[in-house]
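See below for the structure under consideration.
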Amino acid sequence: MAYRKTPAEIRRLEATRERLVSCATEVVTEVGWAQASVSAVADAAGIAAGSVYQHFPSKSALAVEVFRRAAGREVEVLGEVLHAPGDPVERLSRAVEVFARRALQNRGLAYALLAAPAEPAVGAERLEFRRRYRVLFAEVVRDGMTRGALPQQDDEITAAALSGAIGEVLVYPLGDPEKRAVDTFIAELTAMALRCVGAPRD
């Protein structure tokens, strides 16, 4: 008869896995993907390095899980803002502000998600999440065109331009050790996004 884990064992394993993901996220935030070794994560979690492999078959698998959870949360927040009721231009403006402010409040993790050198598996996840960002932006652009708030345009191209430009503009301040004028920076970034979609100026 095959051995079956008890509910208590399952809960313990799940708790350890969650702790590993949490600790790995903290390590990546501090040192980036390249330096986030299995040993560093194990030390942060207070367990032996070999124990990590009971939960993740490789460093790559752990890194992918960290990326999916952290990036997934950002997509979720962006979606909540963009899907809120109201004027599509105002929703887009608010979404850019929220996205940028969250990134600047957690610069290490945001830089890791957007631009820090990473192994191919994480790079593949980045491409998938960029697609998800594009889908969200395309939806609000289409809504804006339907309501007459935005000029007619190729929503997919505009969405790709938005997602790429916002990420690129954020990379420099995220890697800048000096504090920047956050409010001014976000205002400029938001204005750029609105120009990109052709929103009328106030």
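The values are calculated or read from the model by the stated rules, or taken from the named source; none is laboratory data. Keep in mind the model is a prediction, meaning the values are calculated, not measured. Cβ coordinates were reconstructed from backbone atoms using ideal geometry, including for glycine residues, and neighbour counts include every protein chain displayed. Protein only, heavy atoms only, side chains kept; ligands, DNA and RNA dropped before computing areas. Shrake-Rupley method; radii C 1.70, N 1.55, O 1.52, S 1.80 Å.
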Checklist entry - Any chance region 147-159 includes a residue that's open to solvent by 30 Å² or more (accessible area, probe 1.4 Å), in contact with a Phe, Trp or Tyr (Cβ under 7 Å, 6 or more places away or on another chain) and in a helix (DSSP H, G or I)? => result no
Checklist outcome for this item: The residue from VAL98, VAL77 that alone is assigned to a helix (DSSP H, G or I), touching a helix residue (DSSP H, G or I) at 6+ places or on another chain (Cβ under 6 Å) and open to solvent by less than 30 Å² (accessible area, probe 1.4 Å) is VAL98
Item to check | Near pairs, Cβ below 9 angstrom, 6+ apart or cross-chain, from region 56-69 (hydroxyl-bearing (Ser, Thr, Tyr)) to any residue that is assigned to a helix (DSSP H, G or I) | outcome: SER58/VAL38; SER58/ALA121; SER60/PRO120; SER60/ALA121; SER60/VAL122
Checklist entry - Does GLU188 satisfy the condition of being over 21 Å from HIS83 (Cα atoms), not aromatic (Phe, Trp, Tyr) and not in a loop (DSSP other than H, G, I, E, B)? => result yes
Checklist outcome for this item: Just one listed residue, out of GLU139, GLU128, GLU188, GLU119, is open to solvent by 30 Å² or more (accessible area, probe 1.4 Å) and in contact with a Ser or Thr (Cβ under 7 Å, 6 or more places away or on another chain), and it is GLU119
